[in-house]
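Here's the structure, in structure tokens; my notes come after.
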Amino acid sequence: MSTPTTTPPVVLSCEDSPLSTTGNVLGILTFAAAIYVSVLVYVNSMRSASKRYSDMLERLELRYREAEHLRYKLEARQHTSASDDRPNPINHVRIQIALNCTVKPLGEAMRALQKFRGRDLRRRGTMDFQGRVRFVMQEDAVQDLLGKVEKAVGDLRDVADDILEQYVLLSSGCSRFC
């Protein structure tokens, strides 16, 4: 008869290796650091939201005033011609198209910015907490609208420069290629 061979029992260990423990600790620290940085970014964006809102509102108001000034100059020149008292129909159409292309983006941007205004309407450029949160979430869209306003006012400025240059050249008795 042979003697049965016994294998030593397998001892299961629930202990982690030092490398595993180190990895777990570093993972927890990385997660905590990510949360900390997220909170800092959130707090800083909330703090500066009112300032950025005021800056955007000021930019929009400047472009609106510039468009109004150009409209006034163009309408004044539209009825004055060096050769006769009739307005130039081509220039009139160009002015109307440029003005129409400027009015829509100005209105859209103004409506977008007014959504964020605070309840205290006496203080210009102020926002309550909910307004700041909405502004931070939609700031890129408002920035795109302001870009459209800048482009439209720039196009209006180009039309105004061209028409006013024609007026100056015609009033001096010179053609464009003198």
Check your understanding: Restricting attention to the stretch 38-46, does a residue exist that is at pLDDT 85 or above, surrounded by 14 or more Cβ atoms within 10 Å (Cβ to Cβ) and within 20 Å of residue 137 (Cα to Cα)?
Key -> yes
**Study point:** Complete set of residues in the stretch 47-68 that are among the acidic types (Asp, Glu) and either surrounded by 15 or more Cβ atoms within 10 Å (Cβ to Cβ) or farther than 12 Å from residue 109 by Cβ (or both)
**Key:** 55, 58, 66, 68
Practice item. Identify the residue in the stretch 109-152 that is surrounded by 14 or more Cβ atoms within 10 Å (Cβ to Cβ) and of a type in the set (Lys, Arg) and, among all such residues, is modelled with the lowest pLDDT. Key: 117
Check your understanding: Out of (1) modelled with pLDDT of 80 or more; (2) surrounded by 12 or more Cβ atoms within 10 Å (Cβ to Cβ); (3) under 19 Å from residue 48 (Cβ atoms); (4) of a type in the set (D, E, K, R), what's the single condition that is false for residue 71?
Key -> (3)
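The values are calculated or read from the model by the stated rules, or taken from the named source; none is laboratory data. In this text, all values refer to a predicted model and were calculated from it rather than measured experimentally. No Cβ is skipped: glycine too gets one built from the backbone with ideal geometry, and neighbour counts run over all protein chains shown.
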